[in-house]
Amino acid sequence: MNPFPRRGLLAGLAVSPLAAVAACQVQGGADAAEADFPTRAVDFMVPFDPGGSGDLVSRAVAEAAEEPLGQSLAVSNKPGANGAVGLKELLAGDADGYTIALAVKSLFAITPLAVDDPDAVVIDDFRIIATLTQEAYVLVVHADSPYQTLDDLLAAGSVDYATTGVGTGSQLSAQLLFTGAGIDATDVPFDGGAPAVTALLGQQVDAVSASLAETMPQIEAGELRAVAVFSEERSPFLNEVPTAVESGYDVVVDQRRFIVVPAEVGDEAAGVLSLAFEEARESPEYGQFLQDNYMDRWEVDSLEAKTHLSDAAAEYAALVEDAGLDLGEGS
Amino acid sequence: MDLSSVLSGFAVAFEPQNLLFCLIGVTVGMLIGVLPGLGPAATIAILLPITYSLEPTAAVIMLAGIFYGAQYGGTITSVLLRMPGEASSVVTALDGHALARKGEAGPALGVAAVASFIGGTASILLLTFIAPALAGAALAFGPAEYTVLALIGIFLVGTLGSGSLWKSAAAAALGLLIATVGLDPILGTPRFTFGTDQLADGIDFTIVAMGLFGVGEILYNLEHRDRPQPAVPAFGRAIPGRLHWLRSRAAILRGSVTGFVLGILPGGGATMSSLVSYAVEKRVAKDPSRFGKGAVEGVAGPESANNAAATSSFIPLLTLGIPANATMAVLFGALMLQGITPGPGLMTEHPDVFWGVVNSMYVGNLLLLALSIPLIGVFVRMLKVRPGVLAPLTVVITMLGVYSIRNNAFDMLLVIALGLLGYGMRKLGFEPGPFVLAFVLGSLLEASFRRSMRIFGGDVTEFVQRPVSGSLVAVLVLTAVIVPVLRKVRTRQSGAAEQPAAQ
C-alpha cells in the first residue's frame, strides 16, 4: 500500500495530475505485462470501519474470490467521510488493478446532498468491477408502541425519529416520507445504526429508519415492529411488510455496494478481476453470508450499474428539492 | 437462569482447543496493550480473517481475550511511560506514573494486576447472575441521561491533577474544543476541518492520548536528559508491601462495583467508571493531597473499575446486540461472519457460545494474572534502558500503532502536532489528563445534549422530569455544588488561626 497517501487538500491537488500521468504511462506500455495479471496479491481496500456491513460483505466476497483470482486478496480498512477518504486514496494511487475498493451508492447519491465538497469523488472517476448487494431501508417502531401500521404512525400528532447519521439513506428515506405525509416530525441523528436502534429499543424516539441488517435481529426477537420498507418491491426477508410505495408514498431509498478500481485501469486487468468476482458471487459460502445478513443480491453489468447510480443521484436531488428539504442543515 | 447451561459453558470453556485460544488471545492482548498506540479494535480487525477457519466459540473466546488482555497490558505503559492506550486508563497514568517516578513501579504494577484480576472476576460473577435482569438498564439511558452523565464526568475531571484548578479547567476547555473537530453531529456541517475530509470524522482518542501524553512526555524528558534517573528497584521490592494492600483493599472492592455498573452503559461507560472510582477514592481518603503524587488507591480503584467495565460491556452486546465501543463493534462483526447474530436470541439459541465465552473469561483473567506477576520484574527493568534508546523506540511503536487505527499517514502527522501541544502544555504546567478526558466526554456531551433538546422540543426542564436523568441531576448538584460549598463553609468556621490546607 502507498505509504504516503494524500496529506491534505494542497498535497492532493498536486498529486492527482501526476498520478493520472503515471497511470497513462502504465496503461500505454504494459499490455504485455498485464496479460498475466495478477502476478501478486491484490489489495482490497474497505473505506469503512471494521465490523460494519460494508466490511463484512467485503471480507465474505474477498474470501470467495481468492481461488478464481489465483492470488490472495488482502482486506484493509481505511474509513472516513462515508468512504470518501479511502476512495480518494484509491484514485491517488497506481491505476494498475492491484488495489481495488468497495464503494457504496450513498456516497455518490446522498452524501453530495448533505456535504458540500468541491472535490468530492464522482462515479465517472471509477470503473465498476462487480456489483454486490442491495439493502433495503426499513421503518421500524417499538413493539410496545401503539403504532401497528404506517398509517397509525403517520396519524400521530408529532413523531421523533432517530437516523443513523446526517447524509445517510436512513435520514433521506424518513425525511421524504414524513415530509410527504405532511406531519410534524423531528429527526434525531445518531452516530451509526447501533445507537439509533438502541434509542428506539429504549423508547427514547418513536421510530427509526435503518438497514435490514441493523434491525432484523430485533424484529425477529419481537422487540421492534417493521411498518414499511423503502424498496421498490417487498423484501424477501419481510414479506408481510408493505413498501412505502404501496402505502401511497413514493419513497424508494436503498443502499447498494459494489467494487471499483480507478477509471484508468486497463481492460485486461479489469476483466480478470470482474470474472473472479462473478465466480465468487456464485460460491455457496457467500450465498449463505448474504442470507445470514439480510442482504439482497445486486448483480448487473457495469454499464447498468453506472446508469442506476447516476439516475439515483439525479432522482434524490430532485426529490429533496421538491420537498424543500436540506439534509445538511437538518430540518 | 438455567444453571445447567452455565455449567455446560464451563465444559465448553475447558475444552483444550478453547483453553489454547484463550491463552493465545490474552497473550496477544497483553502484548498489544503494552505497545503504545496499538489498540484492541485494530488488532481484532487484523485477526478477523484467521477466525474464519475457527469454530465460532473458539474465535470469540480468542477475540474477547485480546480485548480484556489489552486492558491489563495498557496499565503497564500507563504506569511506566505515562502513555495510556485507552480512555479508561488515563487516570491510572496519573498516580501510577507518579509511583514509578518514586521508584515504586513494581508495587504499582503488582497492585494494578491484582486489582484488574479482582475487578474482572467480580464482574463475570455479577454478569452470570444478573446479566439478563440488567440488560434493560442500558436501555433506560437515552440522550438525556448521557448528557447529565457526561456533565458529571466533566466536573469530576476537575478533581484530577495536583496543580492549579484554573489550569485544569483551561486544559479541559481546550479538550472540549478539540472534541468539536469534524462534522457537526446533528447538522453535518464541517467544523475546524480546514477543507480536508481527513478530519471529517473528528480525531480518534488514541491520537489525542498518544500525542499529549506519549510524544509530549518524551519531548519534555529529552530536555532533562542530564537529570539523574529514578532508582530502579531490585526485583524484591517489586512486590507490593503490606501498606499498599491495606490502602488498596477497599478501593478495589468499590472500583469493581462501580466498573460493573457503569460498564453496562454503551458509549463512555468504562471511561466514566475509572473517573468515578478515582474521584471516590480521593474523596474518602484521609489525606487527599497524596493523590496525583503517587497514591496507590488511585491505581487500584480505577484499574479494578476499568477491568470490571471491560467485562460488563459484553452485556449489551451479548444480550441486546448493541456494541458498546469500537472493539465490541468488531466483535459483533466477527460473530456475524460466523453466522451468529448477537442479540436478544443469543442466550437461548446459542447457549454454548454465550456461556462458553463468559466462562472463558474466568480462565482468561487467571492466565493474565499468572502472566503479569512474573513479567513485572521484566517490564520494570525497561526503565533502566537509556532514554536515548527508549524514547525513539517508543515513538516508532507509537507511530505504527497510530497508523494502524485507520491505515492513514495523516494521523501520524496529527500525533506529532498534538505532541508539540502536549510539550508546550507540560512546560507551562498544564496537565494533559483533564484535556484528554474532557475530549472524550465532550463529544458525548455535545451530541447527547443536542439530541435531547430535539427530543424535548427545546424544553430544558425535561432533564429533571425524567426519573433517571432527574436522579443524575441530583447527584450532579450534590457533588458539584453542595459538597464543595459545605466544605468551604466548614473550613471557614474552623477558625482563622488555623490556616486551611491548600487543595
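The values are calculated or read from the model by the stated rules, or taken from the named source; none is laboratory data. Owing to the predicted nature of the structure, the values given are computational and were not obtained by experimental measurement. Quick reminder, even Gly has a Cβ in these numbers, built from the backbone with ideal geometry, and neighbours come from all protein chains shown.
B:Pro374 meets each of the listed conditions (1) part of a helix (DSSP H, G or I); (2) more than 26 Å from B:Gly65 (Cα to Cα); (3) out of contact with any helix residue (DSSP H, G or I) (no Cβ under 6 Å at 6 or more places or on another chain) apart from (2).
Here is a yes/no grid of residues against (1) touching an Asp or Glu at 6+ places or on another chain (Cβ under 7 Å); (2) crowded, with 16+ Cβ neighbours inside 10 Å; (3) modelled with pLDDT of 90 or more:
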position	(1), (2), (3)
B:Gln17	no, no, yes
B:Cys22	no, yes, yes
B:Val26	no, yes, yes
B:Pro36	no, yes, no
B:Thr43	no, yes, no
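In the set (1) away from chain B (no Cβ under 11 Å); (2) surrounded by fewer than 23 Cβ atoms within 10 Å (Cβ to Cβ); (3) farther than 27 Å from A:Ile110 by Cα, A:Glu66 fails one condition alone, (1).
With a requirement of 2 or more residues that are of a type in the set (Lys, Arg) and within 14 Å of chain B (Cβ to nearest Cβ), none of the strands (runs of 3 or more DSSP E) lying completely within the range A:90-208 satisfies it.
Any residue at all in the range B:145-159 that's in contact (Cβ under 8 Å) with a residue 60 or more places away in the chain, in a loop (DSSP other than H, G, I, E, B), crowded, with 18+ Cβ neighbours inside 10 Å and away from chain A (no Cβ under 14 Å)? Within the range B:145-159 (the criterion being in contact (Cβ under 8 Å) with a residue 60 or more places away in the chain, in a loop (DSSP other than H, G, I, E, B), crowded, with 18+ Cβ neighbours inside 10 Å and away from chain A (no Cβ under 14 Å)), the answer is yes, since at least one residue qualifies.
Yes/no per residue for (1) closer than 21 Å to A:Leu290 by Cα; (2) in contact (Cβ under 8 Å) with a residue 12 or more places away in the chain; (3) under 23 Å from the mean Cα position of the chain (by Cα):
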| position | (1), (2), (3) |
| --- | --- |
| A:Ser209 | yes, yes, yes |
| A:Ala228 | no, yes, yes |
| A:Glu240 | yes, no, no |
| A:Gly248 | no, no, no |
| A:Arg257 | yes, yes, yes |
| A:Gly266 | no, yes, no |
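Criterion applied to B:Leu80, B:Leu109, B:Leu125 was being without any contact (Cβ under 8 Å) to a residue 40 or more places away in the chain, part of a helix (DSSP H, G or I), more than 27 Å from B:Gly470 (Cα to Cα) and more than 14 Å from every other protein chain (Cβ to nearest Cβ), and the one residue passing it is B:Leu125. Checked against (1) more than 21 Å from the chain's Cα centre (by Cα); (2) modelled with pLDDT under 85, B:Thr128 passes all but a single condition, namely (2). Is at least one residue of the range B:266-275 of a type outside the set (D, E, K, R) and surrounded by fewer than 24 Cβ atoms within 10 Å (Cβ to Cβ)? Yes, that holds for at least one residue. When we screen B:Pro316, B:Pro342 for residues that are of a type outside the set (A, V, I, L, M, F, W, C), surrounded by 24 or more Cβ atoms within 10 Å (Cβ to Cβ), within 14 Å of chain A (Cβ to nearest Cβ) and in a loop (DSSP other than H, G, I, E, B), the only hit is B:Pro342.
Among the residues in the range B:384-395, are any in contact with a Leu (Cβ under 6 Å, 6 or more places away or on another chain) and more than 21 Å from B:Ser88 (Cα to Cα)? Within the range B:384-395, none of the residues are in contact with a Leu (Cβ under 6 Å, 6 or more places away or on another chain) and more than 21 Å from B:Ser88 (Cα to Cα). It is to be established whether one or more residues within the range A:293-307 are within 24 Å of A:Ile219 (Cβ to Cβ), within 12 Å of another protein chain (Cβ to nearest Cβ) and either of a type in the set (Phe, Trp, Tyr) or out of contact with any Lys or Arg (no Cβ under 9 Å at 6 or more places or on another chain) (or both). Within the range A:293-307, one or more residues are within 24 Å of A:Ile219 (Cβ to Cβ), within 12 Å of another protein chain (Cβ to nearest Cβ) and either of a type in the set (Phe, Trp, Tyr) or out of contact with any Lys or Arg (no Cβ under 9 Å at 6 or more places or on another chain) (or both). In the range A:69-83, the condition of being surrounded by fewer than 22 Cβ atoms within 10 Å (Cβ to Cβ), within 14 Å of chain B (Cβ to nearest Cβ), more than 19 Å from the chain's Cα centre (by Cα) and not hydrophobic (A, V, I, L, M, F, W, C) is met by at least one residue.
Residue count for the range B:180-223, restricted to those that are within 25 Å of B:Val395 (Cβ to Cβ) and either more than 14 Å from chain A (Cβ to nearest Cβ) or part of a helix (DSSP H, G or I) (or both): 21. For the range A:232-242, the criterion of being facing chain B (nearest Cβ under 10 Å), among the small types (Gly, Ala, Ser) and under 30 Å from A:Phe44 (Cα atoms) is met by none of the residues. Restricting attention to the range B:377-388, the residues that are in a helix (DSSP H, G or I), charged (D, E, K, R) and more than 15 Å from B:Ile239 (Cα to Cα) total 1. No other residue among A:Glu279, A:Glu315, A:Glu304 is part of a helix (DSSP H, G or I), charged (D, E, K, R) and farther than 26 Å from A:Lys88 by Cα apart from A:Glu279. When A:Glu264, A:Glu285, A:Glu268, A:Glu299 are checked against the criterion of being in the same structural domain as A:Val57 (by TED's automatic domain parsing), touching a Gly at 6+ places or on another chain (Cβ under 9 Å) and charged (D, E, K, R), A:Glu268 stands alone in meeting it. Looking at B:Ala417, B:Ala474, B:Ala447, just one residue is in contact (Cβ under 8 Å) with a residue 12 or more places away in the chain and either buried (at least 21 other Cβ atoms within 10 Å of the Cβ) or closer than 21 Å to B:Gly268 by Cα (or both), and that residue is B:Ala447.
Of the residues contained in the range B:387-407, one or more are found to be among the polar types (S, T, N, Q), within 18 Å of B:Ala93 (Cβ to Cβ) and either buried (at least 19 other Cβ atoms within 10 Å of the Cβ) or within 14 Å of chain A (Cβ to nearest Cβ) (or both). Show the residue pairs that are 6+ apart or on different chains and have beta-carbon atoms under 6 Å apart, the first residue being within the range A:298-326 and within 30 Å of A:Gly271 (Cβ to Cβ) and modelled with pLDDT under 95, the second being small (Gly, Ala, Ser) and in a helix (DSSP H, G or I). Pairs found: A:Ala312/A:Ala109; A:Ala313/A:Ala109.
Going by the structure shown, is A:Phe48 more than 30 Å from B:Asp184 (Cβ to Cβ) and assigned by TED's automatic domain parsing to the domain that holds A:Glu285? Answer is no for this residue. Here the condition is being surrounded by 14 or more Cβ atoms within 10 Å (Cβ to Cβ) and within 14 Å of chain B (Cβ to nearest Cβ); of A:Phe258, A:Phe277, A:Phe289, it holds for A:Phe289 alone. Scoring A:Gly29 on the criteria (1) buried (at least 20 other Cβ atoms within 10 Å of the Cβ); (2) at pLDDT below 50 leaves a single failure, condition (1).
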